[in-house]
Amino acid sequence: MTSMNKSNLKKFKKMLQDRLSELLNEVDQTTKDISGTERETFADPTDQAVVELDRTRYLRFKDRERKLIRKIEKALSRIEEGTYGECEACGSDIELARLEARPMTELCIDCATEAEGEKKKSKLYGTEAGPSPAANLL
């Protein structure tokens, strides 16, 4: 069980809720923007290609935001469950400074470092087998 006090939990919950609200508003605006630009047609195929490339990059960026939304929602669930601030890999408390820097984090710094190292090794050697369960939480 985490040793986080109620004041800190309340602070992190507000931070997470504010960030979630901000991201959801951006998603709404993105949907409106994309539906507006889909009607555009260009006589020059190069112009059309540039617009499509920009749209693809934009959507890739928004996909990252979608993943962040899921992480924030998961962090809010952990607050409600009473497990917020605990490392999901080893169960130890996550340092307050780490949570302040990234309130949706699921791993303590040691487990995150280990998981990142294993992820880099698997990319370097082209193997996907054998990463720790913590590697899936990054």
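We did not get these values from a lab; they are worked out from the coordinates using the rules stated. Quantities reported herein were computed from a predicted structural model and do not represent experimental measurements. A quick note on method: Cβ atoms are made from the backbone with ideal geometry, for glycine too, and the neighbour counts reach across all protein chains shown.
Computed on the range 6-106, with alpha-carbon pairs under 8 angstrom and 6+ residues apart, the relative contact order is 35 percent.
About its Cα centre, the range 6-106 has a charge dipole of approximately 440 debye under the convention of +1 per Lys or Arg Cβ and -1 per Asp or Glu Cβ, with nothing else charged. Here residue 10 is the anchor, and the lysines within straight C-alpha reach of less than 22 Å, apart from those fewer than 8 places off in the same chain, are 71, 74.
Close amide H pairs (under 5 Å, H built 1.01 Å from N) link residue 84 with 79, residues at least 5 positions away or on another chain.
Spread over its residues, the convex hull of the C-alpha atoms of the range 6-106 is 100 Å³ per residue. Using +1 at the Cβ of each Lys and Arg and -1 at the Cβ of each Asp and Glu in the range 6-106, identify which of 72, 104, 92 lies farthest towards the dipole's positive end. Farthest along the dipole direction, towards plus: 92.
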